[in-house]
1. Yes or no: residue B:107 assigned to a helix (DSSP H, G or I), open to solvent by 50 Å² or more (accessible area, probe 1.4 Å) and touching a Leu at 6+ places or on another chain (Cβ under 7 Å)?
2. Within region A:87-128, which residues are assigned to a helix (DSSP H, G or I), modelled with pLDDT of 80 or more and surrounded by fewer than 16 Cβ atoms within 10 Å (Cβ to Cβ)?
3. Tell me which residues, restricted to region B:179-210, are under 21 Å from residue A:10 (Cα atoms) and open to solvent by 60 Å² or more (accessible area, probe 1.4 Å).
4. Within region B:44-88, which residues are open to solvent by less than 40 Å² (accessible area, probe 1.4 Å) and of a type in the set (S, T, N, Q)?
5. Hey, could you check region B:329-349 for residues that are touching a residue at least 60 places away in the same chain (Cβ under 8 Å) and outside any helix (DSSP H, G or I) and say which is surrounded by the fewest Cβ atoms within 10 Å (Cβ to Cβ)?
6. Can you confirm whether residue B:164 is open to solvent by 30 Å² or more (accessible area, probe 1.4 Å) and in contact (Cβ under 8 Å) with a residue 24 or more places away in the chain?
7. Which of the numbered conditions does residue B:97 fail, given that it passes all the others? Conditions: (1) without any contact (Cβ under 8 Å) to a residue 60 or more places away in the chain; (2) within 30 Å of residue B:222 (Cβ to Cβ); (3) in a helix (DSSP H, G or I).
8. Among the residues of region A:314-328, write down those that are more than 20 Å from residue A:392 (Cα to Cα) and open to solvent by 40 Å² or more (accessible area, probe 1.4 Å).
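The values are calculated or read from the model by the stated rules, or taken from the named source; none is laboratory data. As the structure is a prediction and not an experimental result, all values here were calculated from the model. Neighbour counts are summed over all protein chains in view; Cβ atoms, including those assigned to glycine, are modelled from backbone coordinates with ideal geometry. Heads up: the accessible areas ignore ligands, DNA and RNA and are worked out on the full protein's heavy atoms, side chains in. Shrake-Rupley method; radii C 1.70, N 1.55, O 1.52, S 1.80 Å.
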Amino acid sequence: MTGTDSHRGRRIVVAFVLMLGFAVVIFRLFTLQVLQAAELTVKAERQHRKAVTVEGERGTIYDRHGKVLAINVDVPSVFGVPSSLENPSGVARDLARVLHVRADEIEKKLKQERSFVWIARKLDPEQGRRLEGMSLEGIGTVMEGRRFYPKGPLLSHVLGFAGMDGQGLEGIERRYEPYLRGEKQIVVLQRDALGRTVFPKGLDEQGPAAGHSVMLTIDEVIQYMAEKELEEAVTATGAKGGVVVVMEPRTGAILAMAVNPRFDPNAVRAISADRWRNRALTDAYEPGSTMKVFVAAAALEEKVMTPGTLVYVENGQMVVANTVIHDHEKAGWMTFAQVIQRSSNIGSVKTAMALGEDRVYRYLRAFGFGERTEIDLPGEGAGLVKEPQDWGSRSLSSIAIGQEIGVSAVQLATALSAVANGGWLMKPYIVSEVRDAKGRVVMQAGPQVRRRPVSPETALTLTGILEGVVAHGTGSKAAVPGYRVAGKTGTAQKIDPQTGAYSASLFVGSFVGFVPAEDPRMAIVVVIDEPQTEAWGGVVAAPVFQRIAEQALPYLGVSPHQPIKLAMNATGGVLQRP
Amino acid sequence: MSRRSIGASTLALPWPSSGERGRRTGVDGSVLAVTVVLALIGLVMVFSASAVVAGNRFHDSIYFLKRQLAWLLFGFLLLQVVSRLDYTVWRRMALPILGLTAVLLVLVLIPSLGVVAKGARRWLRLGLVSVQPAEMVKLVVVIYLAAYLTKKAEMVREFGAGLLPPLIIVGVLAGLVLLQPDLGTVVVIGLVTFGLLFLGGARLSHLLGLVLAALPLGAMLILESPYRRLRLMTFLAPWKDPADAGFQVTQSFLAFGSGGLFGVGLGEGKQKLFFLPEAHTDFVLALVGEELGLAGTTAIMVLYAVLVLKGFQIAGRAREPFGRHLALGIALLIGVQVLINAGVVTGLLPTKGLTLPLVSYGGSSLLVSLVAIGILLSVSRDRQGGRASSGYGRGIGAR
């Protein structure tokens with residue numbers, strides 16, 4: 001043990017030296033953090049003010065075939081360095097001539113006690129060139145990315161738009177903001193030899209990384225068709241507006257989403273916020289007779305009805321809970337298939353009564369009404385489906401004909417797709433892929449099943465009935481020569497905001513349908529809001545469906561079907577497949 | 001990995017039932033506790049320092065946190081294993097490890113193998129991970145010197161036969177590290193070597209001669225290299241050119257100063273947003289200063305001081321001379337590196353690239369620190385004649 005003690009003294013010395021070191025460090029920390037704290041804090045704050053944030057270019061938005069829908073273009077922004085200006089008012093006058101801004105406003109900016117001020121941002125390239133040519137002392141230009149939508153109003157409600165600092169404010173631009181936004185870099189303004197503050201050079205070479213690009217499921221061509229046909233119909237009928245949603249039934253991918261009236265996202269500041277709203281998913285409306293499709297689906301699935309079941313439709317008039325329900329066509333007996341095809345209110349009410357409140361409610365919820373579809377766009381509404389305990393005596397019959405219920409166009413398209421694809425309720429989606437600046441895939445979306453409200457047999461039978469709607473029912477104007485179309489019309493009275501009762505003059509005309517019926521490629525929902533010339537969905541909305549389908553089917557390469565089978569299905573009501 | 005898994009691994013560690021008063025053969029509970037606390041502080045600060053940068057660069061704000069946590073869990077596993085080993089195994093292993101480390105140090109200098117970052121060739125890619133051989137060298141030198149001093153206990157007072165051989169071997173290793181170049185590590189190795197030889201009984205006249213010989217060498221190294229000369233100049237007058245060379249240190253000052261007594265709050269620091277370079281590695285103490293204030297920095301320094309004193313106490317109680325040298329070497333290693341890092345960050349010393357052990361981000365540094373503490377714990381089990389009276393009184397600074 002002698003070895004242990006022999007150098008004990010040295011151990012004490014070394015330990016003491018180390019502890020002395022710790023003491024010195026702690027004392028130094030005390031001087032920095034207490035004695036000099038105030039002075040250093042001021043310096044730190046001044047420095048943070050001298051920093052400028054630079055961002056990588058915002059990502060591009062493409063359609064499904066890589067067509068550019070939103071892109072950044074570099075435009076000049078002009079800044080001033082007040083500390084290095086000798087004659088601010090003279091400079092302000094010169095600038096005012098190019099910028100079309102009042103000289104005293106610029107002068108006020110240039111007289112601030114700051115080392116850096118923006119004078120005007122995101123100018124036209126021509127203005128930038130003129131400013132460069134003037135080479136004013138203490139004034140400089142940098143290139144900044146301005147958001148540009150090359151197709152103008154096309155898809156504007158879906159794309160949304162970005163603000164002055166490149167922040168996404170609506171639509172895809174907002175929902176995919178974390179992806180689209182470029183890398184942020186804080187650049188500390190440097191001083192040159194004369195102590196002037198300058199914008200650092202060489203920003204372009206080592207600048208921050210660009211944002212991710214986003215690829216949509218939208219097909220620019222179909223989108224164009226949808227917007228054009230909707231616009232024409234809205235103009236022709238003198239309607240307030242309208243919505244079209246085109247969905248791929250098997251996947252839930254959105255092919256087109258058109259809202260009218262349109263707006264140009266390149267000039268968004270001049271437009272009221274009301275116009276930006278993507279009504280296809282934010283607004284719920286009373287769908288009217290299109291809802292009969294889903295009541296019918298429930299009845300078929302629950303085997304309450306078959307297409308051939310005879311229903312007595314009371315010669316066009318029936319009293320339910322002290323209210324008279326009318327049919328637009330007087331009849332005695334008709335088959336269940338005809339109830340849908342001729343859109344009999346009485347027949348549908350009787351069907352709903354046969355099902356009972358709980359089953360009707362359960363099936364409507366199963367088809368996704370009253371809940372968000374969770375499409376990847378901001379601002380979606382859930383619509384309104386009251387729970388059975390809140391139903392009044394008239395509710396069941398109202399809901400059966402699409403009243404007392406609020407749905408969005410996207411909900412309708414999704415529910416209709418479930419009928420078209422054999423019973424699968426899909427989660428609709430609009431972004432298929434996100435890639436980073438180097439082209440690597442960062443996120444990928446694909447079809448997602450939410451649930452299966454009805455069996456394939458029910459879906460098939462219902463499709464047969466809906467084909468009859470177009471072949472010889474209320475939806476004949478939706479027929480596309482050479483193709484089998486399944487669909488349903490809807491005409492709903494709007495509630496008059498003044499009286500609170502159903503209005504006799506304000507309507508929503510709609511048509512929902514899919515095509516080709518035997519192998520659906522598109523489910524299309526057309527909603528025309530407050531048409532003036534005609535109210536009927538079969539008259540105002542069905543032709544829009546027809547014209548979009550007529551153009552889009554050949555574009556998608558879908559070959560026409562033999563007309564013989566069309567006739568057979570139309571008469572039978574029960575679908576038979578070869 | 002979740003937070004819960006840290007908890008689980010901590011619980012599985014060999015805590016003695018009641019600290020000092022535990023079984024005679026138990027490991028030192030307070031050393032382990034201090035280590036765990038420092039490592040957890042490090043984890044939190046690394047996240048705070050790197051979240052914004054990582055979010056921007058990798059679109060994953062927990063990029064660095066995940067990696068630090070993985071290294072931490074692996075490190076504590078190694079610590080567990082090492083603390084259960086009989087430490088005399090390191091005596092037998094000293095030369096083989098020394099040889100292996102020398103090979104790695106040579107490999108890292110080969111351009112096709114060593115990865116260059118920030119102008120120095122320090123990393124060696126091994127499959128998925130990169131390691132820094134220079135981090136290992138520090139611990140290896142301690143093990144080697146402890147073994148040498150145990151074997152040649154009586155010869156150390158002679159220069160040629162006792163002092164010179166280890167100086168040459170350590171000198172060669174230091175030379176290899178210097179070629180990377182990594183002056184910070186060389187300084188740590190030099191100071192630890194000097195300290196261990198002094199503690200091992202070398203003559204004061206010999207050591208004084210060594211210091212006199214090292215001074216011109218050091219001066220030459222500094223003046224030879226333009227960046228070291230620049231660092232020295234900025235150390236002497238940091239505010240003279242705050243935009244450029246003095247940037248790191250002045251930014252560090254600003255961080256400390258704006259923290260004040262209790263800091264601006266965890267996660268609230270502004271300096272880490274691209275102003276303070278290396279906020280998650282070498283300058284993490286400055287971030288602690290800004291966000292947790294003097295209270296936070298002092299607490300960290302006191303924890304390190306406790307760790308170093310416990311090291312000396314463990315050395316004083318060790319039955320084997322090898323254990324004593326080993327414990328002293330590890331205590332010195334931690335103490336010297338912490339003091340140099342803190343000195344650099346607070347502007348007391350010229351800038352050197354050294355991490356703050358256990359707290360800074362970095363796998364190699366963390367792993368080596370935890371293994372070193374594992375060894376220290378294994379020495380702590382070996383107490384001279386049980387606890388209390390005989391052993392306790394010998395501990396330096398325990399009074």
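1. Yes.
2. Within region A:87-128, A:89, A:90, A:93, A:97, A:104, A:105, A:108, A:126 qualify.
3. Of everything in region B:179-210, those that are under 21 Å from residue A:10 (Cα atoms) and open to solvent by 60 Å² or more (accessible area, probe 1.4 Å) turn out to be B:191, B:194, B:203, B:204, B:205, B:208.
4. Result: B:48, B:50, B:56, B:68, B:80, B:83, B:88.
5. Per the criteria, the residue is B:349.
6. So residue B:164 fails the test.
7. With respect to (1) without any contact (Cβ under 8 Å) to a residue 60 or more places away in the chain; (2) within 30 Å of residue B:222 (Cβ to Cβ); (3) in a helix (DSSP H, G or I), residue B:97 is out only on (2).
8. A:314, A:315, A:317, A:328
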